[in-house]
Amino acid sequence: MIHAVSSATVMLIVAAAAVYAWILTTSSVAKELSEGMLGISTNPYVLLFIINIIFLIAGCFLDANSAFFILLPIIVPVLKAIHCDLIHAGVFLTVNMAIGQITPPVGVNLYVGCNIGHVSVTDICKRISPYLISGIIALFIITYIPIISLFIPNLGGK
């Protein structure tokens, strides 16, 4: 029964996020926000940095499905405008969400780890700090060196 309630809760959030994403897309709000981001800078490195920061923050508060539903209608046009391969973007955005899931205040996997290890949130936060820092370094390496993400797809003739 507990699993059914947990699954229903997640699916309710995903359904609400999907409706929100549809509204963003059909009302052209997503287009205006995308254009606003492109108005900040046309430098791909700056925009990728901004996108990473947005997704790192979103990952702290939202589950990955909800964050993708809410943010992708805004971010994909920006990625296309800077000629970022969407497979590459999928990889670094997923890494962003994975990092966000272990970051306080709401990092879901953080609380799972606390329950499994029978430790406090404060204690686990101190212990994951080096992993969080190395994860962010790896994220920026993956983001700015696309061949890391695209090596295997390119072998297949993509």
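A few comments on the model shown:
- Of all the listed residues (Met97, Met37), the sole one being under 30 Å from Phe151 (Cα atoms), over 12 Å from the mean Cα position of the chain (by Cα), open to solvent by less than 40 Å² (accessible area, probe 1.4 Å) and aliphatic (A, V, I, L, M) is Met37.
- Pairs, first closer than 9 Å to His88 by Cα and of a type outside the set (Ser, Thr, Tyr) in segment 131-158, second open to solvent by 90 Å² or more (accessible area, probe 1.4 Å) and not in a loop (DSSP other than H, G, I, E, B), C-beta under 9 Å, six or more apart: Ile142/Ile148
- Positions within segment 135-158 being among the small types (Gly, Ala, Ser) and either over 15 Å from Gly100 (Cβ atoms) or in contact with a Leu (Cβ under 8 Å, 6 or more places away or on another chain) (or both), in sequence order: Ser149, Gly156, Gly157
- Inside segment 137-158, residues that are closer than 20 Å to Ile54 by Cβ and either open to solvent by 60 Å² or more (accessible area, probe 1.4 Å) or more than 15 Å from the chain's Cα centre (by Cα) (or both) make up a count of 5.
- Taking the numbered list (1) more than 10 Å from the chain's Cα centre (by Cα); (2) surrounded by fewer than 18 Cβ atoms within 10 Å (Cβ to Cβ) in turn, Ile57 passes all entries but (1).
The values are calculated or read from the model by the stated rules, or taken from the named source; none is laboratory data. Small disclaimer: the values here were computed from a predicted structure and weren't measured. Note that we place each Cβ from the backbone using ideal geometry, even for glycine, and neighbour counts take in every protein chain shown. Please note that ligands, DNA and RNA were not included when accessible areas were found on the heavy atoms of the full protein model with its side chains. Shrake-Rupley method; radii C 1.70, N 1.55, O 1.52, S 1.80 Å.
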